[in-house]
Amino acid sequence: MIFQLDKRLEKDCFKLAETEHCLWLLLNNKYFPWFIIVPKTETIELFQLSSAQQLNLQKETNLLSAFIQYAFTIDKLNIASIGNIVQQMHVHIIGRSQSDLCWPGVVWGCSHHEEYPHKEAQEIKEKLMFFCKEQAFNNIQYI
């Protein structure tokens, strides 16, 4: 299987990193620390993944969740796999705070959007690189 990222995710996100099993993205909306993990699979539903794939996705989701808590001031993490518009399997990991523009509502469909300046997105990637190194997570390539 040749992995190909959905065109909507390609357009709406910065590519941050790639592991053997997943691609890590940053949604290009600076109002929320919103990350997306895309498993390299043609499977659409989480329950259809093998046990090993599920375990790996959970480990990477946990690591990225810990990064969000480390790098951003948040009150809550929202983690979801919805896929109604983009059917390619992907998991959203969003840092939420009581001061964010959609609190306490959901971020899906929230009209507040402003793109990251390229420099700011690069700084987030550098923080992620440092965090993964500190966590001894070395099986990753930064894009």
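Nothing in this text is a laboratory measurement; each read-out follows from the coordinates by a stated rule. Just so it is clear, the model here is predicted, and its values are computed rather than measured. So basically every Cβ, Gly included, is an ideal-geometry build from the backbone, and we count neighbours across all protein chains shown.
With a point put 7 Å past each Cα toward its Cβ, work out how far ILE2 is from ASN138 in nm, to one decimal.
Those two pseudo-labels are separated by 3.2 nm.
Got the relative contact order for the range 7-142 handy, in percent, Cα pairs under 8 Å and 6 or more residues apart?
Relative contact order for the range 7-142 comes out at 28 percent.
Taking K and R as +1 and D and E as -1, what net charge do the other residues with C-beta under 14 Å from the C-beta of GLN53 add up to?
Result for the local shell: -2.
Any cysteines in the chain with zero other Cys Cβ atoms under 4.7 Å from their Cβ? List them, or say none.
CYS13, CYS22, CYS132 - these cysteines have no disulfide-compatible partner (Cβ-Cβ under 4.7 Å) in the chain.
Here are some values of Rg and Dmax of the Cα atoms in Å: [x] 17.1, 65; [y] 15.8, 47; [z] 14.5, 43. Which one was computed from this structure?
Identified label for the calculated read-out: [z].
Calculate the dipole size of the chain relative to its Cα centre from +1 charges on Lys and Arg beta carbons and -1 charges on Asp and Glu beta carbons; express the result in debye to the nearest 20.
Using Cβ point charges on Lys, Arg, Asp and Glu, the chain gives about 60 debye.
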